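The values are calculated or read from the model by the stated rules, or taken from the named source; none is laboratory data. None of the values given here were measured: they were computed from a predicted structure. Every residue, glycine as well, gets a Cβ built from its backbone with ideal geometry; the counts of neighbours run over all protein chains shown.
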Amino acid sequence: MNYQELEAYLYSNHTVSTVDENTVFQHFILNHDIVPYNNEYLTILGSDRDFHGVNHIISVHERNCPKIPMHIYHYIKINYVYHGNITIQLEDKKIALNKGDLIIIDKHVPHEILPTSMDDILINIILKVEFFSESFINNLPEESILSKFLKQLLGKKGIHTHYLICNTKNNQLVHQCVQNILCEHLDTQICSSELIDRYISILITHLIRCFGFDTNYHSQKKNEELLQSILNYIKNNYVRGNLNDMCNHLGYTSVYICNFIKQQTGETFKKLVFEERLKKSTIFLLNTNYPVYEISELVGFNNLTSFYKQFQKRYHCTPNEFRSNIDASSIKSN
């Protein structure tokens with residue numbers, strides 16, 4: 001198959017969907033496991049998918065296709081917008097991709113593809129983890145975001161960057177790599193599978209060399225920096241412990257900060273402030289002769305009863321018991 005024949009195929013009736021959204025949804029329900037997800041359903045596309053003895057699956061997402069419901073793969077997925085515009089809902093973020101854009105999605109990341117028009121052509125490249133040999137990964141440059149991404153997703157532990165977007169519009173080499181992959185897939189000959197693997201490797205290597213990426217890798221770093229700013233503010237302002245003052249200082253609304261703290265730590269702002277106050281109270285108890293009521297006021301508790309209650313809940317003893325115990329480390333702590 002040559003490029004002209006490929007174009008004819010991609011714009012033929014072979015790539016036009018003939019089903020509606022309900023039919024697609026019923027297919028997912030009947031053939032895959034379904035679990036509740038954000039008041040809807042998430043389809044689990046199992047790890048038993050048949051790759052027919054190779055490490056890749058190539059397909060053309062149908063034109064004029066209804067929404068593909070939220071689902072996850074046990075594999076790595078590359079989507080390339082061959083023509084038109086594609087919108088992907090990736091977890092809670094809607095991502096608009098234009099012609100020439102490419103996105104790499106990590107394993108186990110919920111995503112759905114919104115309806116496509118007759119002009120929209122999306123290419124799917126699904127890869128087993130085994131596609132990435134140890135030698136291939138080890139030879140990737142350390143400074144590349146894509147290199148870090150690939151090493152993350154192949155690791156079993158640690159935080160993973162969920163996706164990478166590469167804006168490859170007008171890049172002829174990327175487009176030709178995808179065209180060659182499709183030609184070999186649609187017109188299978190001797191060594192087509194091996195050639196497809198090589199073209200995918202060339203594609204990834206070229207992306208590493210040439211392009212910048214839009215990724216939630218940067219948003220993770222931003223989140224880490226914001227969380228550290230919040231913890232530092234609490235550490236330095238625990239006595240007053242005013243949420244609105246902190247939000248004004250950081251430049252965020254109180255609603256956003258409260259949700260952010262809960263998402264990042266599992267705790268509330270108030271709980272973090274209490275925790276800092278209690279830590280400071282133990283320093284006063286062990287290093288001064290101040291009476292308990294005075295320490296309570298010094299660390300920001302206006303109510304002595306509340307201080308005793310919070311202290312005993314945290315350290316399983318009263319402040320006086322804590323102070324009298326020379327080996328403070330023997331006091332049980334949550």
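Being at pLDDT below 95, in contact with a helix residue (DSSP H, G or I) (Cβ under 6 Å, 6 or more places away or on another chain), over 30 Å from F307 (Cβ atoms) and part of a helix (DSSP H, G or I) holds for only one residue in H218, H206, and it is H206.
Scanning the stretch 22-72 for residues that are among the charged types (D, E, K, R) and in contact (Cβ under 8 Å) with a residue 24 or more places away in the chain, we see that the one that is surrounded by the fewest Cβ atoms within 10 Å (Cβ to Cβ) is E40.
Would you mind stating whether V292 is more than 21 Å from E224 (Cα to Cα), aliphatic (A, V, I, L, M) and in contact (Cβ under 8 Å) with a residue 24 or more places away in the chain? For V292, the condition - more than 21 Å from E224 (Cα to Cα), aliphatic (A, V, I, L, M) and in contact (Cβ under 8 Å) with a residue 24 or more places away in the chain - is met. Could you check, for the stretch 268-287, whether at least one of its residues is polar (S, T, N, Q) and touching a Pro at 6+ places or on another chain (Cβ under 8 Å)? Within the stretch 268-287 (the criterion being polar (S, T, N, Q) and touching a Pro at 6+ places or on another chain (Cβ under 8 Å)), the answer is yes, since at least one residue qualifies. It is to be established whether one or more residues within the stretch 222-242 are part of a helix (DSSP H, G or I), at pLDDT below 80 and surrounded by 14 or more Cβ atoms within 10 Å (Cβ to Cβ). Checking the stretch 222-242: at least one residue is part of a helix (DSSP H, G or I), at pLDDT below 80 and surrounded by 14 or more Cβ atoms within 10 Å (Cβ to Cβ). For the stretch 263-314, a residue qualifies if it is not aromatic (F, W, Y) and not in a helix (DSSP H, G or I), and the qualifying residues are G266, E267, T268, T288, N289, P291, V299, G300, N302, N303. Condition first: free of Cβ contacts under 8 Å to residues at least 60 places away in the same chain, of a type in the set (K, R) and either buried (at least 17 other Cβ atoms within 10 Å of the Cβ) or closer than 28 Å to C183 by Cβ (or both). Can you find one or more residues in the stretch 73-84 that meet it? Looking through the stretch 73-84, at least one residue is free of Cβ contacts under 8 Å to residues at least 60 places away in the same chain, of a type in the set (K, R) and either buried (at least 17 other Cβ atoms within 10 Å of the Cβ) or closer than 28 Å to C183 by Cβ (or both).
Of the residues contained in the stretch 172-184, one or more are found to be farther than 27 Å from V16 by Cβ and either over 24 Å from the mean Cα position of the chain (by Cα) or assigned by TED's automatic domain parsing to the domain that holds F28 (or both). Summed over the stretch 85-110, the residues that are hydrophobic (A, V, I, L, M, F, W, C) and in contact (Cβ under 8 Å) with a residue 60 or more places away in the chain give a count of 6. Among the conditions (1) among the polar types (S, T, N, Q); (2) within 18 Å of V239 (Cα to Cα); (3) surrounded by fewer than 17 Cβ atoms within 10 Å (Cβ to Cβ), the only one that T282 does not satisfy is (3).
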